[in-house]
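Read-outs throughout are calculated quantities, based only on the coordinates presented, and are distinct from any laboratory measurement. Values in this document were obtained by computation on a predicted structure and should not be read as measured data. Cβ: placed from backbone, ideal geometry, glycine included. Neighbour counts: every protein chain shown.
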Amino acid sequence: MKSGLLAAAAVLALTAGAIADPVDDELVIDGQEMITRAKAPEGLPFDEVLSGWLYREAETRQLEEDSFENPGMLSVEEGEEIWNTVEGTAGKSCASCHDDAAETMAGVAAHYPKWDPDAKRPINIELQINKCREENMGAEPYAFDKGGQKQLTAYIKHQSLGDPVSVDLSQGDMQEWWDKGKTVYYTRTGQLNLSCASCHEQNNGNYIRADHLSQGQVNGFPTYRLKTGLTSLHNRFRGCVRDTRAEIPTAFSDDLMALETYVTWRGTGLSVETPSVRQ
């Protein structure tokens with residue numbers, strides 16, 4: 001009975017919120033125009049996919065427009081230091097193999113997750129970093145959200161700023177993982193009986209409490225959230241699951257890697273905005 005009341009309250013909270021359309025503004029970062037609206041991939045219930053930037057308050061949007069004002073850029077600078085820091089038994093840094101990230105990492109992050117034939121599963125930037133640390137540097141892999149993982153990920157992804165997101169589902173078994181991710185996206189869980197789609201599809205554009213619900217696009221992660229600082233994608237996934245009062249999955253678990261694959265595809269064509277600024 002209690003769970004039913006909670007679920008009913010959640011539905012009322014979502015559907016009773018005021019409706020507000022995303023803005024029509026253009027996002028230009030340091031003179032580079034971002035793609036914040038793109039034709040939706042076939043199969044989505046939207047005509048367009050929209051960056052979460054379009055749903056934020058004016059003050060928050062302005063923070064992302066200028067790299068000097070964007071608080072997430074401090075983490076990008078920390079990531080650059082990590083990129084050039086020697087670690088591990090091989091006596092190497094990221095730069096030892098990849099030189100200047102502005103050249104070698106340009107456009108790379110726009111195409112992750114990618115299929116990893118060794119692991120036989122999709123791999124994201126965080127897992128690629130750990131693979132390089134173990135296999136090439138002789139260094140310990142980062143624990144989730146620890147030891148500079150977020151900062152280095154933000155630095156690498158920032159090198160793709162402005163590039164359109166595109167995931168290659170023809171690699172390996174990526175299509176099967178996409179299918180699994182879609183199932184995760186639409187499956188209701190927890191005491192509140194909510195799915196990803198409950199907020200970001202069925203109530204897209206509504207307000208829940210003081211937050212304007214976006215399409216839940218992930219093209220700006222790691223993102224700087226005004227509530228929590230630099231926030232990784234899997235941290236946000238786990239936070240959303242927690243908010244449904246369901247069992248919280250492990251970061252980089254099969255379910256969450258499948259979800260990342262599917263949700264990243266949903267934002268096909270949007271520019272990488274890392275580090276975006278959100279509420």
task = Give the long-range amide H neighbours of residue 92: residues separated by 5 or more places, or on another chain, with amide H under 5 Å away, using H modelled in the peptide plane at 1.01 Å from N.
result = 87
query = Which residue, chosen from 158, 252, 276, occupies the Cα position most advanced towards the positive end of the dipole of the chain, where the dipole is computed from +1 (Lys, Arg) and -1 (Asp, Glu) charges on Cβ about the Cα centre?
reply = 252
query = Based on the alpha-carbon gyration tensor of the chain and its eigenvalue square roots a ≥ b ≥ c, which shape applies: rounded if a/c is under 1.5, prolate if not and a/b is larger than b/c, or oblate?
reply = prolate
request  = Given a cut-off of 25 Å, name the pairs among 146/227; 92/150; 39/120; 182/227 whose C-alpha atoms lie farther apart than that in the structure shown.
outcome  = 39/120; 182/227
inquiry  = Using the crude model of +1 on Lys and Arg Cβ and -1 on Asp and Glu Cβ, and no other charge, please compute the dipole size for the chain relative to its Cα centre, in debye to 20.
reply    = 1380
query = Which shape class applies to region 87-154: rounded if a/c is under 1.5, otherwise prolate when a/b exceeds b/c and oblate if not, where a ≥ b ≥ c are the square roots of the Cα gyration tensor eigenvalues?
reply = rounded
request  = Averaging sequence separations of C-alpha pairs under 8 Å and six or more residues apart, then dividing by the length of the chain, give the relative contact order as a whole percent.
outcome  = 28
Relative contact order (%) - region 73-158, alpha-carbon pairs under 8 angstrom, separation at least six = 42
message = Test of the criteria: in region 29-136, which chymotrypsin sites (Phe, Trp or Tyr not before Pro) are in a DSSP loop and have at most 10 other Cβ atoms within 10 angstrom of their Cβ?
response = 68
note = The distance between the Cα centres of region 258-279 and region 68-111, in whole Å, is 20
